[in-house]
Amino acid sequence: MNEKTSLLEARGLCAGYGSIPILFDVDFAAAPGESVGILGHNGMGKTTFLRTLIGALRATTGSIRFDGAEITSLKPHERAVRGMAYVPQGRAIFSTLTAHENLRLGLYKTGRDATDAIETLLEYFPRLKRLLDRPGGSLSGGEQQLLALGRALAGNPSVLLLDEPTEGIQPSIIEEIAETLVTLRASMDLSIVLVEQNLDFIAAVSQRVLVIRRGQFVGEIPHEHLTDLEVVSQYAGVHA
């Protein structure tokens with residue numbers, strides 16, 4: 001994928017924690033409206049990669065470009081204003097705020113009308129309509145994930161970074177999230193970068209799937225082989 005067709009691009013990216021390096025010379029690119037899945041064992045650098053893309057972790061070397069602009073030195077909120085959104089592992093909703101208040105936080109500094117934006121979001125997340133007045137902490141894990149996704153999308157981003165969104169969630173909501181993400185990608189031309197261990201989910205949402213091992217991307221699993229557990233295990237060591 002060349003630079004002209006890339007919405008989000010990393011080149012020679014290295015990052016780590018203190019003196020411990022985690023990512024090594026990583027190259028990556030995602031096109032507008034493309035969904036890219038990332039598979040790998042725990043501890044291989046998946047979360048570190050997403051945190052570096054969003055700016056929660058500073059790159060030690062290399063560069064990140066978004067929509068043609070260099071953003072390597074920008075802070076997370078500056079990247080968010082430009083059109084990047086991130087749902088971390090564990091969802092990070094505000095448990096004492098209502099669902100409606102959580103959604104409004106996603107509109108901070110976007111200039112969007114809150115009423116119109118939330119009405120639009122609820123078309124994609126109808127399950128949240130009856131939960132708007134409830135504290136975020138009272139929702140189930142699956143409902144919290146829907147809320148976290150809605151909050152991230154409130155600002156109408158161009159790219160959405162997701163870290164293991166199916167973890168600890170009931171199967172019915174996992175399927176609902178997958179269907180919603182596919183719809184959003186098509187209707188909003190939304191790019192998605194997805195770290196996930198659930199093979200059915202990553203196959204449903206992703207157009208291509210990369211394998212990360214010891215802080216480097218080492219291959220790509222053909223989409224048609226994602227249901228072949230032997231092939232997936234050989235590539236990434238991940239089991240359904």
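The values are calculated or read from the model by the stated rules, or taken from the named source; none is laboratory data. Quick caveat: nothing in here was measured; it's all calculated off a predicted structure. Counting neighbours? That spans all protein chains shown, and the Cβs are built from the backbone with ideal geometry, glycine included.
Looking only at the range 33-50, residues that are modelled with pLDDT of 95 or more and surrounded by fewer than 20 Cβ atoms within 10 Å (Cβ to Cβ) come to 2 in all.
For the range 1-42, a tally of residues being among the acidic types (Asp, Glu) and in a loop (DSSP other than H, G, I, E, B) returns 1. Checking each residue in the range 199-222 for being farther than 18 Å from GLU34 by Cβ and part of a loop (DSSP other than H, G, I, E, B) picks out ARG214, GLY215. Might you check whether a residue that is out of contact with any Leu (no Cβ under 8 Å at 6 or more places or on another chain), crowded, with 17+ Cβ neighbours inside 10 Å and not aromatic (Phe, Trp, Tyr) occurs anywhere in the range 23-32? Scanning the range 23-32, I find no residue that is out of contact with any Leu (no Cβ under 8 Å at 6 or more places or on another chain), crowded, with 17+ Cβ neighbours inside 10 Å and not aromatic (Phe, Trp, Tyr), so the answer is no. For the range 43-89, a residue qualifies if it is in contact (Cβ under 8 Å) with a residue 24 or more places away in the chain, within 26 Å of GLY141 (Cβ to Cβ) and not in a helix (DSSP H, G or I), and the qualifying residues are MET44, GLY45, ALA56, LEU57, MET84, ALA85, TYR86, VAL87, PRO88, GLN89. ALA114 meets the conditions (1) touching a helix residue (DSSP H, G or I) at 6+ places or on another chain (Cβ under 8 Å); (2) touching a residue at least 12 places away in the same chain (Cβ under 8 Å); (3) over 17 Å from ILE192 (Cβ atoms) in every case but one. The failed one is (2).
Only one residue in LEU74, LEU13, LEU107 is crowded, with 16+ Cβ neighbours inside 10 Å and touching a Leu at 6+ places or on another chain (Cβ under 9 Å). Which one?
LEU13
Under the condition of being crowded, with 16+ Cβ neighbours inside 10 Å and over 15 Å from THR98 (Cβ atoms), the residues counted in the range 128-152 number 4.
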